[in-house]
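The values are calculated or read from the model by the stated rules, or taken from the named source; none is laboratory data. Remember, predicted model here, so these are calculated numbers, not experimental data. Every residue, glycine as well, gets a Cβ built from its backbone with ideal geometry; the counts of neighbours run over all protein chains shown. Just the protein is used for accessible areas: all its heavy atoms, side chains included, with ligands, DNA and RNA removed. Shrake-Rupley method; radii C 1.70, N 1.55, O 1.52, S 1.80 Å.
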Amino acid sequence: MTKGPLIFEGNEKQVFATDHPDQVIFRYKDVTVAYNNVKRARFKGKGALDNQISAILLDYLNRNGVETHFIELLGEKEQLCRKIEIIPLQVVVHNRIAGSLAARLGVEEGFRCPNTVLDLRYNNDELEDPFINRDHAVALGLATYQELDWMYNVARRVNELLVPLFHKAGIELVDMKIEFGRASDTGTIIISDEISPDTCRLWDEATGERMDKDRFRLDLSCVVENYRNVLNRLTEAIKKEE
Ligand code: 5GP
């Protein structure tokens, strides 16, 4: 497999073509952005940590029957992925109510709810990723009702798999954002993008400390140190699984 030209440059990642028509290379950058790109910074080493954490989680999902775009880790900052056509939707899974949902519902940060709450957002920077419902998504031609059911079921399954995995690492998975795409090789809907401290809220079970992008959003210190801690603990948790 040979690395080809850059085909997409995002804030936090680059995507390169390869000589395989259905495979691309994701390169994770050290840049981090928040609040719809209003806040931006560079943290040396963050890209490598996100790449490795995402590789562990996506590989774990692949091995447990949830198809993702991840194929293999190529190096510190790069992973080989299946090519997809992006579905511009985000399914957000909440095990507790925190962040923007806590503000929207008027409950305290970390409100414990009896159920798992799923939200749908339209991935659109200009509109600031608004919350939408299934009818909106179908109206915009983004997915069919059947495909939305599939994505919701997969998101629930991802949560069922990752909550216990993080728990083994002494980390509570408070919420996470999941994205999907249509695989160019099979046409099926699979998990795309990343699952990492950039896309999840992760709280230390022992101390309640935040170990995710909220450290950057809320101007807390030690962003990279916390991401490294997540990687180290997940690496140990995965070893125990095997
Ligand atoms: P909130 O709605 O509180 O901003 O986010 C809920 C959860 O989804 C958090 O774990 C957050 O990291 C993730 N999330 C939601 N939207 C985005 C987004 O546009 N980019 C990233 N990286 N994560 C998001």
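The table below lists the values:
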read-out	value
Candidates per GluC sites (Glu not before Pro) in region 53-92, loop by DSSP, up to 14 other Cβ within 10 Å	GLU76
For region 37-48, Karplus couplings with θ = phi - 60° (6.51, -1.76, 1.60), whole Hz, Gly/Pro x	6, 6, 10, 8, 7, 10, 10, 4, x, 5, x, 5
Relative contact order [Cα under 8 Å, 6+ residues apart], region 3-82, whole percent	25
Residue pairs, from the table LYS44/LYS239; LYS13/LYS239; LYS46/LYS168; LYS29/LYS168, whose Cα atoms sit over 25 Å apart	LYS44/LYS239; LYS13/LYS239; LYS29/LYS168
Relative contact order (percent, whole number), the chain, Cα cutoff 8 Å, 6+ residue spacing	18
Percent accessible area from carbon and sulfur atoms, region 3-82, protein chains only, probe 1.4 Å	52
Fluctuation leader among ASP149, ASP119, ASP193 - the chain, Gaussian network, Cα springs under 10 angstrom	ASP149
Qualifying chymotrypsin sites (Phe, Trp or Tyr not before Pro) for region 141-234 [loop in DSSP, other Cβ within 10 Å: at most 12]	none
Loop-resident sites, region 96-182, for GluC sites (Glu not before Pro), counting at most 16 other Cβ within 10 Å (DSSP)	GLU108, GLU109, GLU128
